[in-house]
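The values are calculated or read from the model by the stated rules, or taken from the named source; none is laboratory data. Predicted model only: the values in this text are computed from it and were never measured. Glycine gets a Cβ as well: all are built from the backbone with ideal geometry, and neighbour counts include every protein chain shown.
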Amino acid sequence: MKLRYGGDYNPEQWPEKVWDDDYRLFDLAGIDTLTVGVFTWALTQPAADTYDFSVLDRIVERAAAEGRAICLATGTGAHPAWLARAHPEVTRVDFEGRRHRFGQRHNSCPSSPVFRRLSAEVARRIAERYAGHPAIVAWHVGNEYGGACYCEHCAAGFRDWLRDRYGTLERLNEAWYTTFWSHTFTAWAEIEPPSALTEHWRGPDHTAFQGITLDYLRFMSDAMLANFRGEKAAIRSYDPGTPVTTNFMGAYRPIDYHRWAADLDLVSWDCYPPDDDHPEWMAFTHDLMRGIKGGQPFWLMEQTPSMTACRDVNPLKRPGVMRLWSWQAVAHGADAVLFFQMRAGRGASEKYHGAVIGHAGRDDTRVFREVAALGAELSLAGDAVLGGRTPARVAILFDWDSWWALELSDGPSRLVRYQEVVRDYHHAVWAAGAGVDVVPVTADLSRYDVVLAPVLHMIKGDLADRLEQVARRGGTVLTTFLSGRVDEDDNAFLADVPGPLGDLMGVRVDEWDARPADVVNPVDFGDLQAAGRLVFEIVIPRGAEPVATYRNDFYAGTPAVTRNAFGAGEGWYVATALDRAGVGRVVGAVLDRHGLRGPYAGVPGLEAVVRGRVTFLLNHGAEPVSVTAHADAQDLLNGVRINRGEALRLEPRDVMILQ
C-alpha cells in the first residue's frame with residue numbers, strides 16, 4: 001500500500017502519439033493515479049441522442065494497460081454548447097437578474113429539471129460502461145461546485161425547500177421576522193429569491209432581511225448537493241462500492257460542506273493557497289477538510305507543482321516548497337497527493353498553469369525533477385502513514401451558518417471576517433504544536449479537552465448544553481465577541497449577550513463599540529500589551545474573573561478577556577478582536593492548563609504534526625532549524641535510527657518523518 005500520486009490528466013486535448021511520452025514521464029516520476037474525464041461531457045455526448053465513448057475508452061484502457069489507478073469523472077463540471085442552445089433555461093440567472101448564455105463552466109442551474117436529468121443520465125451511461133473496471137479506484141462527480149442561480153426554477157425550488165423546512169407560512173413569517181417593513185407573506189408564491197432585484201441593496205451581503213438570504217444560501221448549497229446525489233445514485237445503480245467524491249475548495253463560503261458530509265464516501269479538495277508565505281493557511285484548511293467526515297483521511301485532489309494561472313499575480317513555488325507542502329498535506333491527513341495538471345494545455349485560460357509536464361515535454365526541468373523525487377519518497381512512507389488518524393485533543397468549531405449570518409448582519413461591524421478570526425485561533429494552536437481538529441458544531445465533543453469556538457455567532461440545537469458538558473468534566477471552552485447572538489433563524493436571543501453561552505462564560509454584555517480598522521484599544525495582560533480592534537464588547541462579570549483589561553476609552557479598566565470556573569473546567573471569553581500576540585497568549589494559557597503544547601512549540605518556522613504513529617517535522621522557514629529528538633524513532637525517508645535527545649537538523653524547507 002502507498003499514498004496515491006498523480007493528478008488531473010486530459011489526454012483528450014492531445015494527439016495519441018503524445019500519450020506515449022506522457023507515460024514514459026509518468027514512469028520516471030512515480031505517477032500511479034490519474035484523474036480523467038473531468039470536462040468530457042461534450043466529448044462523450046456530442047448531441048442530445050448521441051453518446052460516443054471511443055476517446056474515453058482509449059484513455060481508460062491505456063491508463064489501465066500502463067498500470068495506473070483511475071479516478072474517473074462524470075464530466076459534468078461544464079455542460080456542452082448544444083445543451084444550452086436546445087434548453088436555454090439550463091443556464092444560470094445571476095444576482096442582477098441576467099440570464100447567461102453558453103460560456104465558462106459554472107453556468108448550469110442546479111434546479112433545472114433538464115440539467116438534473118441529463119447530468120444524471122451521462123453519469124449513468126459512464127457508470128454502466130466502466131463500473132467494475134479493475135483500474136477504477138474512485139468516481140469524481142462534477143467539479144468544484146459553486147456559484148448561485150436566481151432563475152424561475154430556483155425560485156420554485158426555494159419555495160419547495162421552505163415548505164419542507166417550515167411547514168407553514170406562519171412559521172416562516174416568524175423565522176424571517178416579516179412584521180418588519182410590512183413583509184408578511186400570505187402565499188408561498190409571493191416569495192422571491194433574494195437578489196439585487198428584490199431584497200438586496202448593495203451587493204449579496206447587504207439586505208434588511210438576513211434570514212431570507214441565509215435560507216437562500218442554505219437552499220443553494222442543498223440544490224447543488226441534490227445534483228451530486230443524482231449523479232451518485234446513477235453511479236451506484238451499477239457500482240455499489242467504489243468511493244464517490246467531488247473536489248471541495250477548502251473554506252469556500254458559498255457551500256456548506258458539512259451538509260455534504262454524509263453523501264461523500266471520500267473528502268477531496270483542491271489546495272491553491274492565496275500566497276506562498278502562510279503555511280498555517282493550508283494547515284487550517286487541511287484540518288477543516290479532515291474534520292468533515294469525523295477525522296477520516298482525505299485526498300489532496302489538486303495542487304499546482306509550480307504556479308497557478310487564475311490570479312492577477314501567480315507566484316512560483318520556490319525550490320523545495322512543493323515537496324514541503326505535499327508532505328504537510330499528508331501530515332494533516334491526506335492519503336493522496338494529486339496535481340493539476342499532468343501536462344500543460346496549449347490554449348485557453350490554463351495554458352500557463354503549472355504542470356508536471358510542460359509544453360516542451362522535458363524531464364530535466366527543476367519542477368519535473370522535484371515531482372519525481374517526491375514520488376520516490378511517497379513510496380517509502382505509504383505503509384506507515386496510509387489511513388492514519390490525528391490524535392487531537394483540541395477542537396475548533398467551524399460553522400457555515402455562523403459565517404453567513406455574521407457577514408450578512410447589519411451591525412455591529414462589516415469589517416469582522418469570520419474565517420480570519422477562526423484562522424487566528426487555529427494559528428495559535430498550530431504555533432504551539434498542539435494537534436487540532438476543525439469540526440462542525442454537530443460533532444461529538446467528548447474526546448476533546450479544549451474546544452475553541454471563535455465568533456460562534458449562531459447557537460443551534462443543543463450546542464450550548466454540549467459545550468457546558470465539556471467544561472463540567474474538566475475541559476476548557478473558549479468563545480469570543482459576537483458569539484451567542486442569534487438562533488438558527490438569525491433572530492436575536494431575548495436574553496443577555498452571549499445568550500445561551502452566558503452561564504458558561506460567566507459574563508454579561510450590554511454594550512459594544514465598533515471602530516474603524518485603524519483604531520486600536522490596547523489590551524493589558526500585565527506582562528503583555530496586545531492590540532484589540534474592530535469590536536470592543538463591554539463586559540460585566542457575572543462570576544468570571546478578568547484576565548486582561550482595556551486601556552483606553554470610557555471602558556478602560558473593564559475586562560477584555562475573562563476566565564470563568566464552571567464545573568471542573570473553565571469558560572474563557574475574549575471580548576475583542578485581538579492581534580495574534582494576544583490570541584497566542586490566551587490560547588497558550590488554555591493549552592498549558594491541559595499540558596497540550598507540542599515538544600517543539602516556539603521553534604520559528606517548525607511545524608510538528610502527529611498522524612497515527614508518525615511525527616512529521618516540517619521546516620517552513622528560510623533558515624536551518626536544530627532541535628532535539630523527543631522520542632526514539634526511525635526516519636522513514638532514509639531509514640536512520642534516532643535516539644531520544646539526539647540533535648536533529650532540518651535544512652530550509654526540509655522534511656523529516658519519524659516513526
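Every condition in (1) more than 25 Å from the chain's Cα centre (by Cα); (2) of a type in the set (Val, Ile, Thr); (3) under 30 Å from Leu504 (Cβ atoms) holds for Val610 except the one numbered (1). The set of residues in the range 412-428 that are surrounded by fewer than 18 Cβ atoms within 10 Å (Cβ to Cβ), in contact (Cβ under 8 Å) with a residue 24 or more places away in the chain and charged (D, E, K, R) contains only Arg414.
Evaluation of Asp503 against the conditions (1) surrounded by 17 or more Cβ atoms within 10 Å (Cβ to Cβ); (2) out of contact with any Lys or Arg (no Cβ under 8 Å at 6 or more places or on another chain) shows that the sole unmet condition is (1).
Residues that are part of a loop (DSSP other than H, G, I, E, B), of a type in the set (Val, Ile, Thr) and in contact with a helix residue (DSSP H, G or I) (Cβ under 6 Å, 6 or more places away or on another chain): does the range 435-444 have at least one? Within the range 435-444, one or more residues are part of a loop (DSSP other than H, G, I, E, B), of a type in the set (Val, Ile, Thr) and in contact with a helix residue (DSSP H, G or I) (Cβ under 6 Å, 6 or more places away or on another chain). Summed over the range 630-659, the residues that are part of a loop (DSSP other than H, G, I, E, B) and not acidic (Asp, Glu) give a count of 13. Among the residues of the range 470-500, those identified as surrounded by fewer than 16 Cβ atoms within 10 Å (Cβ to Cβ) and more than 30 Å from Tyr216 (Cα to Cα) are Arg472, Arg473, Gly474.
Pick out the one residue from Arg129, Arg165 that is charged (D, E, K, R), touching a residue at least 60 places away in the same chain (Cβ under 8 Å) and either surrounded by fewer than 22 Cβ atoms within 10 Å (Cβ to Cβ) or not in a strand (DSSP E or B) (or both). Answer to the selection: Arg129.
Among the residues of the range 485-512, the ones that are more than 16 Å from Pro541 (Cα to Cα) and in contact with a strand residue (DSSP E or B) (Cβ under 8 Å, 6 or more places away or on another chain) come to 7 in all. The number of residues in the range 510-522 being more than 32 Å from the chain's Cα centre (by Cα) and surrounded by 14 or more Cβ atoms within 10 Å (Cβ to Cβ) comes to 2. Screening Ser446, Ser413, Ser402 for residues that are in contact with a Leu (Cβ under 8 Å, 6 or more places away or on another chain), polar (S, T, N, Q) and farther than 30 Å from Gln303 by Cβ leaves exactly one candidate, Ser413. Could you tell me whether Trp82 is in contact (Cβ under 8 Å) with a residue 24 or more places away in the chain, closer than 14 Å to Glu12 by Cβ and hydrophobic (A, V, I, L, M, F, W, C)? No: the conditions fail for Trp82. Among residues of the range 189-239 being among the basic types (Lys, Arg) and under 23 Å from the mean Cα position of the chain (by Cα), the one that is nearest to Arg98 (Cα to Cα) is Arg218. Can you tell me how many residues within the range 297-337 are over 20 Å from Arg389 (Cα atoms) and not in a helix (DSSP H, G or I)? The qualifying residues number 19. A single entry from Trp161, Trp181, Trp188 fulfils the requirement of being closer than 30 Å to Leu266 by Cα, modelled with pLDDT of 95 or more and among the aromatic types (Phe, Trp, Tyr): Trp161. Just one of (1) without any contact (Cβ under 8 Å) to a residue 12 or more places away in the chain; (2) acidic (Asp, Glu); (3) part of a strand (DSSP E or B) fails for Glu607. It is (1).
Taken residue by residue, the range 617-629 has no member that is surrounded by fewer than 20 Cβ atoms within 10 Å (Cβ to Cβ), modelled with pLDDT of 95 or more, in the same structural domain as Val451 (by TED's automatic domain parsing) and part of a loop (DSSP other than H, G, I, E, B).
Of Val519, Val509, all but one fail to be assigned to a strand (DSSP E or B), of a type outside the set (Asp, Glu) and at pLDDT 95 or above; the exception is Val509.
For the range 478-502, what are the residues that are in a strand (DSSP E or B) and over 13 Å from Trp404 (Cα atoms)? Passing the criteria: Leu478, Thr479, Thr480, Ala492, Val497. Tell me, yes or no, whether the range 643-651 has at least one residue that is basic (Lys, Arg) and either more than 28 Å from the chain's Cα centre (by Cα) or farther than 30 Å from Gly484 by Cβ (or both). Scanning the range 643-651 turns up at least one residue that is basic (Lys, Arg) and either more than 28 Å from the chain's Cα centre (by Cα) or farther than 30 Å from Gly484 by Cβ (or both).
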